[in-house]
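The values are calculated or read from the model by the stated rules, or taken from the named source; none is laboratory data. Only a predicted model underlies this, so the values are computations on that prediction, with no experimental measurement involved. Because the Cβ atoms are built from the backbone with ideal geometry, glycine has one as well, and the counts that use them run over all protein chains shown.
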Amino acid sequence: MGEKKGPILVVGGGISGISTALEAAETGYEVILIEKRPSLGGRVAGFHQYFPKLCPPTCGVEINYQRLRRNRRVQVHTNTQVGAISGEAGNFTVKLVKSPAYVNNKCVMCDKCTPVCPVEVPSDHDYGMRNTRAIHMPHRMAYPPRFVVERAHCPSGCDKCVSACPYDAIDLDMEAREFEINAASIVMATGWRPYDATRLERMQFGALPNVITNVMMERLAATDGPTAGEITRPSDGRKVETVVFVQCAGSRDQDHLPYCSSVCCLASLKQANYVRTANPDARVYIFYIDIRTPGKFEAFYSRTRKDSNIEFIKGKVARVEPGEDGRVIVEAEDILHGGKVRVEVDLVVLATGMESNLKANGLDGNIVHLDEDGFASAHLQQPGIFAAGVAQGPVDVNSSIQEATGVALKAIQVAAGE
Ligand SMILES: Cc1cc2nc3c(=O)[nH]c(=O)nc-3n(C[C@H](O)[C@H](O)[C@H](O)COP(=O)(O)OP(=O)(O)OC[C@H]3O[C@@H](n4cnc5c(N)ncnc54)[C@H](O)[C@@H]3O)c2cc1C
């Protein structure tokens, strides 16, 4: 190997970015890991359980945090995004922009600040299903463990949290700052956002409170979620007895996302298990076009199919309407048995797909090249730029980690002057 050429920049601190950063750093390379949100973890930090084993993501994420804490070769910058990239493999110049968190590293999470905060804001982490205070802990698995302030919501002149903090950890005058780094190679691990369900006009998301999305269902089932893990109707908190899952909600549809996100069937099977575990009398209907559970996941599908309270109906949902007493009516063509099916249920879960973050973050153009679906496919990239996890295409966590590990090796080869 040639002379080491400088750090590897990893953009995105979800499971893929953390994995790339750790694999490269544990091999002896310097890594700069940037995350635009106040804490690492990405989407999985909001999940209740992982398919197919139905284990909580907390343990895997926590092990990674321990590896990060032990490894001085990874510099973590939260609240940080890429401003501009120039240069070439082995010698990129990257402008980074760090937004203020208004809380410094003296924060010990004593939580003296939240009780005095007069403002409530909808929680991003819980997809608006509950409010937090303007100053709050991002979530249970936040790393670094530090409060944040949503400054835009603070009443003018209010500094109650500053007076309440015994550690001088809050600075409401903190400002954004820009700085430049040099990087030998760059790994984009910017992940995904849920497809915007308000664009699915006939699904009534936003109009009917008991129509939610699959990411909201994760929070509804999570013990640290808005209902402490009780699966209840958002409209009135009543226990859910019947649920419909609408597969391919906006996916494989030229008017929305033309591709399959590859995990939504598995996510709904997992969430059907959440419902059945929470309420042994509950009845679940899964409306699907095809159930896609490739490879080893087939066993999980077969297991779930054996549950006679989970009914699989092959048919694309045509419309969703308000029913009696807060319930929701779902109508579809039953392709296997013929005719229309109408069911009235307590809760409808839209299995929306994963949309790439890259375009929305302005990271397309002459440095990172995107395919027609907005993902950074490997064959489109110039030397020294790589993508891992969902940034390169929709994948599950296991595949994300495997790719992140492979990409770490490629990034190392550039950093090593190979
Ligand atoms: C409803 C649902 C349930 C799922 N359940 C499972 C499951 O049980 N098991 C499983 O294996 N898979 C599951 N998946 C898939 C899983 O969510 C993904 O495989 C995983 O999130 C991929 O991780 P990632 O790091 O690539 O992306 P993400 O988790 O999206 O992380 C990307 C990170 O990059 C950050 N970022 C974005 N843009 C920038 C930027 N410009 N600068 C800096 N940082 C940036 C983001 O804030 C985020 O922290 C599920 C998916 C869905 C839709």
Name the one entry in V284, V263 that is more than 12 Å from the ligand (Cβ to nearest atom), touching a residue at least 12 places away in the same chain (Cβ under 8 Å) and crowded, with 21+ Cβ neighbours inside 10 Å.
V284
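Is it true that A101 is assigned to a strand (DSSP E or B), closer than 28 Å to Y195 by Cα and within 16 Å of the ligand (Cβ to nearest atom)? Spell out how you get there, then give the answer.
Values: assigned to a strand (DSSP E or B): no; closer than 28 Å to Y195 by Cα: yes; within 16 Å of the ligand (Cβ to nearest atom): yes.
Spelling it out, it is not the case that A101 is assigned to a strand (DSSP E or B), closer than 28 Å to Y195 by Cα and within 16 Å of the ligand (Cβ to nearest atom).
The rows are residues; the columns are (1) modelled with pLDDT of 95 or more; (2) touching a His at 6+ places or on another chain (Cβ under 6 Å).
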site	(1), (2)
V349	yes, no
M354	yes, no
D364	no, no
L380	no, yes
G384	yes, no
V397	yes, no
I401	yes, no
A408	yes, no
So G46, is it at positive phi, out of contact with any Pro (no Cβ under 7 Å at 6 or more places or on another chain), modelled with pLDDT of 95 or more and surrounded by 14 or more Cβ atoms within 10 Å (Cβ to Cβ):
no
Can you pull out every residue in the stretch 237-260 that is touching a residue at least 40 places away in the same chain (Cβ under 8 Å) and not in a strand (DSSP E or B)?
R238, V240, E241, G250, H256, P258, Y259, C260
The one condition in (1) assigned to a loop (DSSP other than H, G, I, E, B); (2) over 30 Å from A228 (Cβ atoms); (3) within 16 Å of the ligand (Cβ to nearest atom) that V82 fails to fulfil:
(1)
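Here is a check on your reading of the model: is K316 of a type in the set (D, E, K, R), away from the ligand (no atom under 16 Å from the Cβ) and modelled with pLDDT under 95? Break it down into steps so the answer makes sense when it comes.
On the way: of a type in the set (D, E, K, R): yes; away from the ligand (no atom under 16 Å from the Cβ): yes; modelled with pLDDT under 95: yes.
Answer is yes for this residue.
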Collect the residues in the stretch 115-145 that are more than 18 Å from the chain's Cα centre (by Cα) and modelled with pLDDT under 95, keeping them in residue-number order.
P145
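What are the residues in the stretch 33-60 that are under 23 Å from T80 (Cα atoms) and among the basic types (K, R), if any?
So in the stretch 33-60, the residues under 23 Å from T80 (Cα atoms) come out as 33-46.
Listed by number, the residues that qualify are K36, R37, R43.
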Among (1) hydrophobic (A, V, I, L, M, F, W, C); (2) outside any loop (DSSP other than H, G, I, E, B); (3) under 27 Å from T78 (Cβ atoms); (4) outside the structural domain of G362 (by TED's automatic domain parsing), which single condition is I212 missing?
(3)
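Can you tell me which residue within the stretch 62-79, out of those that are within 13 Å of the ligand (Cβ to nearest atom) and assigned to a loop (DSSP other than H, G, I, E, B), is surrounded by the fewest Cβ atoms within 10 Å (Cβ to Cβ)?
Residues of the stretch 62-79 that are within 13 Å of the ligand (Cβ to nearest atom), as a first pass: 64, 76-79.
Within this subset, residues satisfying the condition of being assigned to a loop (DSSP other than H, G, I, E, B) are 78-79.
Values: T78: 22, N79: 19.
The qualifying residue surrounded by the fewest Cβ atoms within 10 Å (Cβ to Cβ) is N79.
Got a sec? Which of A222, A169, A183 is small (G, A, S), within 15 Å of the ligand (Cβ to nearest atom) and closer than 22 Å to N79 by Cα?
Numbers: A222 fails: closer than 22 Å to N79 by Cα; A169 fails: within 15 Å of the ligand (Cβ to nearest atom).
Being small (G, A, S), within 15 Å of the ligand (Cβ to nearest atom) and closer than 22 Å to N79 by Cα holds for just one of A222, A169, A183, which is A183.
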Scan (1) free of Cβ contacts under 8 Å to residues at least 60 places away in the same chain; (2) crowded, with 19+ Cβ neighbours inside 10 Å for the single condition V103 breaks and write down its number.
(1)
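Among the residues of the stretch 106-122, write down those that are surrounded by 19 or more Cβ atoms within 10 Å (Cβ to Cβ) and in contact with a strand residue (DSSP E or B) (Cβ under 7 Å, 6 or more places away or on another chain). Talk me through it step by step, then tell me what you get.
Quick first cut of the stretch 106-122, residues surrounded by 19 or more Cβ atoms within 10 Å (Cβ to Cβ) only: 107, 113, 117.
Correct list: C113, C117.
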Mind checking which pairs have a first residue in the stretch 385-399 that is over 17 Å from C265 (Cα atoms) and among the small types (G, A, S) and a second that is assigned to a helix (DSSP H, G or I) and within 7 Å of the ligand (Cβ to nearest atom), Cβ under 6 Å, 6 or more apart or different chains?
A388/S16; G389/S16; G389/S400
Determine whether the stretch 53-61 contains at least one residue that is within 11 Å of the ligand (Cβ to nearest atom), surrounded by fewer than 24 Cβ atoms within 10 Å (Cβ to Cβ), in a strand (DSSP E or B) and free of Cβ contacts under 8 Å to residues at least 12 places away in the same chain.
yes
